[in-house]
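Written below as structure tokens is the structure these notes are about.
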Amino acid sequence: MTKLVNEVKENCSAATLDGPYAVYVVRIRSDERIVDVSRTVGSRIPAYCTSLGRVLLAAEPTSVQEKLLNELPKVALTPLTVTDNQALMEILAEVKLQGWALVEEELEVGLCSLAVPVHDRRGQVVAALNISVQASRVSSEELRDRYLNSLRGAATVISRAFAAREIGVEQAVVSPAATLE
């Protein structure tokens with residue numbers, strides 16, 4: 001993620017799903033582009049109105065998506081926040097199909113973000129990775145066009161690292177003596 005931040009000069013975060021919330025597990029801020037300094041590792045944000053959350057929700061079965069969307073009252077955090085469950089279900093279907101989510105000023109006025117999934121070796125989504133920018137500096141189209149490939153590349157590297165670690169853990173569990181030889 002640090003390499004990605006150094007490349008794109010924008011903020012980057014990773015999150016996992018905890019019920020109807022996305023929980024930050026890593027946040028790296030660009031030295032040049034400070035966007036939201038109030039959210040830190042461990043902060044919980046509503047999944048329905050964030051790119052990280054939408055990527056994570058989209059990976060769940062439809063029944064789980066509906067359940068999680070119903071667990072939180074939908075609050076319009078900005079004039080652009082989508083709060084209708086049917087509209088959100090349609091957005092999640094699109095996110096699942098395209099493999100990324102772009103959210104423009106739904107969590108916070110002036111904040112746009114683009115997220116992609118991070119997978120384990122079985123192909124399951126275990127986290128989401130995003131780049132966030134100030135809307136006044138970068139349009140949503142620019143965000144997608146300029147950063148989607150770099151973001152996907154970073155997610156692929158992280159996914160491969162997850163897979164390698166999982167294989168190493170499985171080998172250690174199956175054959176602990178092998179490490180003593």
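The values are calculated or read from the model by the stated rules, or taken from the named source; none is laboratory data. What you see is a predicted model; the values in this text were computed from it and never measured. Each accessible area value is taken on the protein alone, full model and side chains, heavy atoms only, with ligands, DNA and RNA left out. Shrake-Rupley method; radii C 1.70, N 1.55, O 1.52, S 1.80 Å.
Taking every protein chain into account, the accessible area of the chain amounts to 52 square angstrom per residue (probe 1.4 Å).
For region 92-147, the Kirkwood radius over C-alpha pairs fed into Stokes-Einstein at 10 °C and 1.306 mPa s yields D = 132 µm² per second. Just the protein heavy atoms count here, and of the accessible area of the chain at 1.4 Å, carbon and sulfur take up 53 percent. Fraction of C-alpha pairs exceeding 18 angstrom in region 25-121: 47 percent, rounded to a whole number. Note on Q124 and A87: the extension gain reaches 10.8 nm, defined as 0.36 nm multiplied by sequence separation minus the Cα-Cα distance.
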